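What follows is a short report on a single structure.
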Amino acid sequence: MIRHLGASLAATLLLCGASLPAAAAQDVDFDRAVLPILSDNCFRCHGPDAKRRKADLRLDEEEGAKKKNADGVAAVVPGKSAESELVRRILADDPDDLMPPPKSDKKLSAAQKDTLKRWIDAGAKWGEHWAFQPLRKPPVPRAGNPIDAFIAARLDREKLRPAPEADRATLLRRATLDLTGLPPTVEEADAFLADRSPDAYEKLVDRLLASPRYGERMAWDWMEVARYADSNGYQGDGERTMWPWRDWVIRAFNENLPYDKFTVWQLAGDLLPDATIEQKLATGFSRNHPINGEGGRISEENRVEYVFDMTETTGTVWLGLTFTCCRCHDH
């Protein structure tokens, strides 16, 4: 349900970065550690652009990186960094052999070179962009709140100690600001500090979730990714009536609308059988984009720009990746 959307996003980040068992944490993650090195330093000459590609070598695809050339040499030999041409080149002393070449103004750090070596020696396991990887629920490393458990496990790995527990006044202020966007009133502070029951904090959170201010606060982030505005943009920037959609988002959070409905209604609410006013109103998501009211504009050009902005926003919000680059580049 979307009431838990913020917590779910935080938990997802923790699962990606802090939930791996200690043994797995020592492995080199291709997507997070290796791909950025290759992309930043190698893809310009050994990537998807056939016109720029050198030596007929592709390092953006597993097959190309691990394929032997006519001389029986491969850039990446799984498990054998000493036999991998990639490692030989990044460690070369001869400027004519060194990669990236000095004239490229790119240079790998010692840590990056070590990362590539360790990755190859560990088997050179390939990966793909995180947006295309299925979500997996890892085992919780210890008892208690799962988020706290993952954080505690990561702190242990990094040999760090958690900060001391905050006092009750600080907890009140943090929770109130986080869930409503407003500081607690004096009366609310007095009531919470006077409540010594074991579930005082839980009751505080329940009260904040029941507040209409909760939906208003949660709508901030959604309105931003959806590119909400009360004006058209461009040169005139005249006002437009988008606030009904904004109010729908607020109601959706306050009524704890299930996330699947929250998604479907905004993308295709008007196409549902016997669509309600609320379902149609939700599709205002696709009307949040700049409108050019210039008299000399080309109508078809304006329409294409608008449709692309809708597509780009939808991809960014729900697919975990943007479409801006593929507008001009097929890779």
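Every residue, every condition in (1) open to solvent by 70 Å² or more (accessible area, probe 1.4 Å); (2) within 24 Å of the chain's Cα centre (by Cα); (3) closer than 25 Å to residue 239 by Cβ, yes or no:
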{"site": "260", "(1), (2), (3)": "yes, yes, no"}
{"site": "263", "(1), (2), (3)": "no, yes, no"}
{"site": "266", "(1), (2), (3)": "no, yes, yes"}
{"site": "274", "(1), (2), (3)": "yes, no, no"}
{"site": "293", "(1), (2), (3)": "no, no, yes"}
{"site": "322", "(1), (2), (3)": "yes, yes, no"}
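The set of residues in the stretch 205-225 being small (Gly, Ala, Ser), surrounded by fewer than 20 Cβ atoms within 10 Å (Cβ to Cβ) and part of a helix (DSSP H, G or I) consists of 210 alone.
When the stretch 94-112 is limited to residues that are closer than 18 Å to residue 36 by Cβ and free of Cβ contacts under 8 Å to residues at least 12 places away in the same chain, the one that is most open to solvent (accessible area, probe 1.4 Å) turns out to be 107. For the stretch 295-304, which residues satisfy the criterion of being open to solvent by less than 100 Å² (accessible area, probe 1.4 Å) and either in contact with a helix residue (DSSP H, G or I) (Cβ under 9 Å, 6 or more places away or on another chain) or hydrophobic (A, V, I, L, M, F, W, C) (or both)? Result: 304, single match.
If you go through the stretch 114-156 and pick out every residue that is without any contact (Cβ under 8 Å) to a residue 24 or more places away in the chain, open to solvent by less than 80 Å² (accessible area, probe 1.4 Å) and more than 25 Å from the chain's Cα centre (by Cα), you end up with 2. Selection of the stretch 49-80 for residues being among the hydrophobic types (A, V, I, L, M, F, W, C) and surrounded by 14 or more Cβ atoms within 10 Å (Cβ to Cβ) yields 57, 59, 65, 74, 75, 76, 77. For the stretch 243-257, indicate whether the set of residues that are surrounded by fewer than 16 Cβ atoms within 10 Å (Cβ to Cβ), over 30 Å from residue 47 (Cβ atoms) and among the polar types (S, T, N, Q) is non-empty. Yes - at least one qualifying residue is present in the stretch 243-257. The set of residues from the stretch 226-240 being assigned to a loop (DSSP other than H, G, I, E, B) and more than 27 Å from residue 322 (Cα to Cα) comprises 236, 238. Once the stretch 172-190 is narrowed to residues that are surrounded by 12 or more Cβ atoms within 10 Å (Cβ to Cβ) and among the hydroxyl-bearing types (Ser, Thr, Tyr), the residue that is farthest from the chain's Cα centre (by Cα) is 176. In the stretch 314-330, the residues that are closer than 22 Å to residue 263 by Cα reach residues that are part of a loop (DSSP other than H, G, I, E, B) and aromatic (Phe, Trp, Tyr) with C-beta atoms within less than 9 angstrom, at least six apart or across chains, in these pairs: 314/323; 315/323; 316/323. The residues of the stretch 81-93 that are open to solvent by 50 Å² or more (accessible area, probe 1.4 Å), in a loop (DSSP other than H, G, I, E, B) and modelled with pLDDT of 95 or more amount to a single one, 91. A search for C-beta distances below 6 Å between a residue of the stretch 157-178 that is without any contact (Cβ under 8 Å) to a residue 40 or more places away in the chain and any residue that is part of a loop (DSSP other than H, G, I, E, B) and open to solvent by less than 60 Å² (accessible area, probe 1.4 Å), counting only pairs 6+ apart in sequence or on different chains, returns 172/184; 176/184.
The values are calculated or read from the model by the stated rules, or taken from the named source; none is laboratory data. This is a predicted model, so every value here is computed, not measured. Note: ideal-geometry Cβ built from the backbone for every residue, glycine included; neighbour counts use all protein chains shown. Surface accessibility is based on the protein's heavy atoms, side chains included, excluding ligands, DNA and RNA. Shrake-Rupley method; radii C 1.70, N 1.55, O 1.52, S 1.80 Å.
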